[in-house]
Amino acid sequence: MHLTAKVTLSSAILGLLLSSMVSADVPQVAADTPITHSLVTRVMVGIGTPDVIVDPGASPHEYSMRPSNAASLEAADLVFWTSNRLTPWLDGALKTLARDATVIELMDAKGSTVLPFREGVTFETHSHKHKHDEEGHDEDGHATVNVDPHGWLDPVNGKIWLDVIATKLSKINPKNTDIYFANATQGKADIDAVISEIEATLAEFRGTNFIVYHDAYQYFEMRFDVLAAGSISLGDVTDPSPARIAEIRKTVEELDITCVFSEPQFNPELVTTVVDGTPVKARVIDPIGTQFTLGPDFYLNVLRDIAQSMASCLW
C-alpha cells in the first residue's frame with residue numbers, strides 16, 4: 001500500500017477512535033421539562049445534548065411517560081428537575097429508574113427565590129415577598145406542599161441554576177469544566193439581556209389589572225412588578241369549583257379587569273365563561289413554550305413571549 005494511503009487510513013482510524021473516546025466521556029443527562037432542558041443545553045453547548053422527559057407542549061403537572069422517557073432516566077448519569085411539587089409523578093420514577101444517577105432538584109439550589117402559593121381567588125399584592133431557599137422543605141429535602149414550583153419564571157433563578165448545572169456537570173466530567181462555566185457565563189449574559197428587554201416591553205403594562213388561568217406566574221410578576229389580581233384555577237391546575245368561577249366573575253366586574261389570560265394546554269371554555277358578556281380581553285400566555293423549538297434559546301423565548309403576551313393586552 002502506498003505510504004500516503006497508509007497515513008490517510010491510520011489518521012482516519014485514529015480520528016474515529018478519538019471521536020468514540022470523546023463520545024464515551026460525555027455524560028448522559030436528562031432534564032424533566034423543556035425549560036430545564038434548555039438551561040442544561042445552554043451549559044452543554046459544544047459537548048453534548050441532554051434528553052427531555054416531558055414532551056414539548058405537555059403539561060408538567062400531569063404526564064404519562066413513554067418508554068423512551070423511561071430509557072433516558074435509566075441511562076442518565078445526571079438528572080435535573082425543577083421540583084417534586086411541579087412533577088410529583090416523576091418522584092417515584094427517579095427512585096426506581098434513575099437510582100444510579102445523581103439527581104438535582106433546582107428549586108433546592110442555594111440562593112433560589114422560593115415563594116409560597118398564594119391563597120384565595122384574588123391576591124393581596126402587599127403580601128408578596130421574595131423568600132429564599134433555606135426553609136419550606138420536608139424530611140427528604142423536597143419543597144413542601146405550600147411552595148410554588150414555577151420558579152423558572154424568575155429569570156434570576158435561571159441564572160443561579162445555570163451555575164448549579166455547570167458545577168454538577170463539572171464534577172462528573174471535569175475535563176470540560178472550562179467549557180461548562182464559559183457556557184453558563186454566556187447564558188447568564190443572555191438572560192440579563194432578555195431581562196432588560198422585558199423591562200422595556202412591560203413598562204406600559206404595569207398597573208394593569210388582569211387575571212391568569214392558573215397561579216403560575218408570581219415569580220415573573222414579582223420580578224417585573226406586574227401583579228395579577230387573581231387566578232381562575234389553583235397553582236396545581238386543579239379544576240376550579242363553580243363557586244370559584246362565580247367569584248372570579250365578580251372580581252372581573254369589581255376590579256375593572258382588563259385582561260384574562262388563558263393557556264394553550266388547558267380548557268379555554270373556563271376563560272370564555274369568565275369573560276362572556278364583558279369588555280374584558282382574552283389573551284393567551286404560554287409558560288411552557290408550546291410554539292418554540294427545543295434548544296439553548298428556548299428558555300429565553302418563553303420569557304420574552306410571556307412579556308409580549310401581557311403587553312398585547314394594551315393593543
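Numbers at a glance
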{"quantity": "All positions within the range 271-294 that are small (G, A, S) and in contact with a helix residue (DSSP H, G or I) (Cβ under 6 Å, 6 or more places away or on another chain)", "calculated": "A282, G289"}
{"quantity": "The range 229-244: number of residues that are closer than 17 Å to T258 by Cα and either at pLDDT 90 or above or in contact with a Ser or Thr (Cβ under 7 Å, 6 or more places away or on another chain) (or both)", "calculated": "2"}
{"quantity": "Residue list for the range 242-272, restricted to those being farther than 23 Å from L314 by Cβ and under 29 Å from the mean Cα position of the chain (by Cα)", "calculated": "R244, I245, Q265, F266, N267, E269, L270"}
{"quantity": "Boolean, L94 is modelled with pLDDT under 95, assigned by TED's automatic domain parsing to the domain that holds I191, under 19 Å from V164 (Cβ atoms) and surrounded by fewer than 22 Cβ atoms within 10 Å (Cβ to Cβ)", "calculated": "yes"}
{"quantity": "Total residues in the range 97-119, condition without any contact (Cβ under 8 Å) to a residue 60 or more places away in the chain, surrounded by fewer than 20 Cβ atoms within 10 Å (Cβ to Cβ) and either closer than 20 Å to A58 by Cα or of a type in the set (V, I, T) (or both)", "calculated": "1"}
{"quantity": "The range 79-91 - residue that is within 14 Å of the chain's Cα centre (by Cα) and not β-branched (V, I, T) and, of those, surrounded by the most Cβ atoms within 10 Å (Cβ to Cβ)", "calculated": "L86"}
{"quantity": "Counted residues, the range 30-79 - those being touching a strand residue (DSSP E or B) at 6+ places or on another chain (Cβ under 8 Å), touching a residue at least 60 places away in the same chain (Cβ under 8 Å) and part of a loop (DSSP other than H, G, I, E, B)", "calculated": "2"}
{"quantity": "Matching residues in the range 276-299 - criterion: being surrounded by fewer than 19 Cβ atoms within 10 Å (Cβ to Cβ) and either of a type in the set (G, A, S) or within 23 Å of L314 (Cβ to Cβ) (or both)", "calculated": "D276, G277, T278, P279, K281, A282, R283, V284, Q291, G295"}
{"quantity": "Any hit, the range 176-187, residues being in contact (Cβ under 8 Å) with a residue 60 or more places away in the chain, of a type in the set (F, W, Y) and not in a loop (DSSP other than H, G, I, E, B)", "calculated": "yes"}
{"quantity": "Residue in the range 250-268 that is farther than 17 Å from Q308 by Cβ and assigned by TED's automatic domain parsing to the domain that holds P149 present", "calculated": "no"}
{"quantity": "Selection status of I285, under 30 Å from T41 (Cα atoms), out of contact with any Lys or Arg (no Cβ under 9 Å at 6 or more places or on another chain) and at pLDDT 85 or above", "calculated": "yes"}
{"quantity": "Verdict on A193 being under 23 Å from W152 (Cα atoms), over 21 Å from the mean Cα position of the chain (by Cα), assigned to a helix (DSSP H, G or I) and not assigned by TED's automatic domain parsing to the domain that holds P296", "calculated": "no"}
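The values are calculated or read from the model by the stated rules, or taken from the named source; none is laboratory data. Predicted model only: the values in this text are computed from it and were never measured. In this analysis, Cβ positions are derived from the backbone assuming ideal geometry, glycine residues included, and neighbour counts consider all displayed protein chains.
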